[in-house]
């Protein structure tokens, strides 16, 4: 892989993946980061990569909905591999505006698959990043396996399920060398503060309410983002064409317990609130979201067995690293919370 196209590389997982490849692996090729710079993308988070690695890192502002722009990137940079992160991913937003999810997650993926197919034998790997949400909701027992039937319950998960099926079809119909990974909930450095962990963390630091949907007993499996990055790279290098690999952290936990753990850790690691109250006192319960899945849990034994990958971080160790990162990167947090990063984008990529 000499010319790797990373879509959505300025988003949370994508930028962590780019940083991982350059800083922690023997990858010696070029990365072309193709990102539309929507609200949750932050190219400022990769400025040091651009400076350090020169022409081995190329950033292009572009939208995967634009078929001509996608085709141009493939031809201009002789793309031989793809890691496809670009997606609208926030469930609440998909409920309010499903059209954006249909256009980006389905039509955008189709455009990429067509351009990849046009590369012919030059294309080595097309890896598609998906989610455990495509499987729907579990009861109290059981785990999602790669063979679990799809039962998406939100516009977001339905759009991702559709893109998964397209990727599979391009392998079966056209022989495109694809792999897919379905991951559990990611957390870690650089995550945009609309997702549970950074939202709760930043609100708790500032003494603001900690909103919890419903009774807070929804269960998620938590995956530290660097562990996810190592899994993706393992699949891209050694995964079998046409295969799906579930990637989980083996860290099932109720949302409310996640919040309690975070509050306890922040009470110990950060300055006390002005009134001296424990941060647990900030918890408030709000109306549950429509169609809120009760439990997700991933069986990641296939990738462990076939590729030798396993998560390294427990939730406690990953959470501690995450909290330390946010405490040590107050300027990044300020830029995101005030919108300064968007003004920077407008100045540089108008």
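The values are calculated or read from the model by the stated rules, or taken from the named source; none is laboratory data. All figures in this text were calculated on a predicted structure; none of them were measured in a lab. Heads up, the Cβs are rebuilt from the backbone with ideal geometry, glycines too, and the neighbour counts pull from every protein chain shown.
Of the conditions (1) within 17 Å of residue 181 (Cβ to Cβ); (2) touching a helix residue (DSSP H, G or I) at 6+ places or on another chain (Cβ under 9 Å); (3) surrounded by 19 or more Cβ atoms within 10 Å (Cβ to Cβ), residue 242 satisfies every one except a single condition; which number is it?
(3) is the only condition that residue 242 fails.
Report yes if residue 86 is in contact with a strand residue (DSSP E or B) (Cβ under 8 Å, 6 or more places away or on another chain), at positive phi and in contact (Cβ under 8 Å) with a residue 60 or more places away in the chain, otherwise no.
Against the criterion (in contact with a strand residue (DSSP E or B) (Cβ under 8 Å, 6 or more places away or on another chain), at positive phi and in contact (Cβ under 8 Å) with a residue 60 or more places away in the chain), residue 86 does not qualify.
What are the residues in region 313-350 that are farther than 19 Å from residue 197 by Cα and either at pLDDT 90 or above or part of a helix (DSSP H, G or I) (or both), if any?
Going through region 313-350, the residues farther than 19 Å from residue 197 by Cα turn out to be 339-350.
Within region 313-350, 340, 341, 342, 343, 344, 345, 346, 347, 348, 349 qualify.
Looking at region 138-186 only, could you name the residues that are under 13 Å from residue 298 (Cα atoms) and without any contact (Cβ under 8 Å) to a residue 24 or more places away in the chain?
Listed by number, the residues that qualify are 141, 147, 148.
Looking at the structure I just gave you, is residue 296 at pLDDT below 95, buried (at least 18 other Cβ atoms within 10 Å of the Cβ) and more than 17 Å from residue 184 (Cα to Cα)?
Here the answer is no, as residue 296 does not meet what is asked.
With the structure loaded, tell me whether residue 116 is touching a residue at least 40 places away in the same chain (Cβ under 8 Å) and either assigned to a helix (DSSP H, G or I) or surrounded by 19 or more Cβ atoms within 10 Å (Cβ to Cβ) (or both) or whether it fails that test.
Values: touching a residue at least 40 places away in the same chain (Cβ under 8 Å): yes; either assigned to a helix (DSSP H, G or I) or surrounded by 19 or more Cβ atoms within 10 Å (Cβ to Cβ) (or both): yes.
Yes; evaluated as a whole, the condition is true for this residue.
Among the residues of region 33-44, is there at least one that is closer than 22 Å to residue 178 by Cβ and either in contact (Cβ under 8 Å) with a residue 60 or more places away in the chain or part of a helix (DSSP H, G or I) (or both)? Walk me through it before giving the result.
Taking region 33-44 as the starting set, the residues that turn out to be closer than 22 Å to residue 178 by Cβ are 33-35.
Going one step further and asking which of them are either in contact (Cβ under 8 Å) with a residue 60 or more places away in the chain or part of a helix (DSSP H, G or I) (or both), we end up with none.
Looking for residues that are closer than 22 Å to residue 178 by Cβ and either in contact (Cβ under 8 Å) with a residue 60 or more places away in the chain or part of a helix (DSSP H, G or I) (or both), one finds none in region 33-44, hence no.
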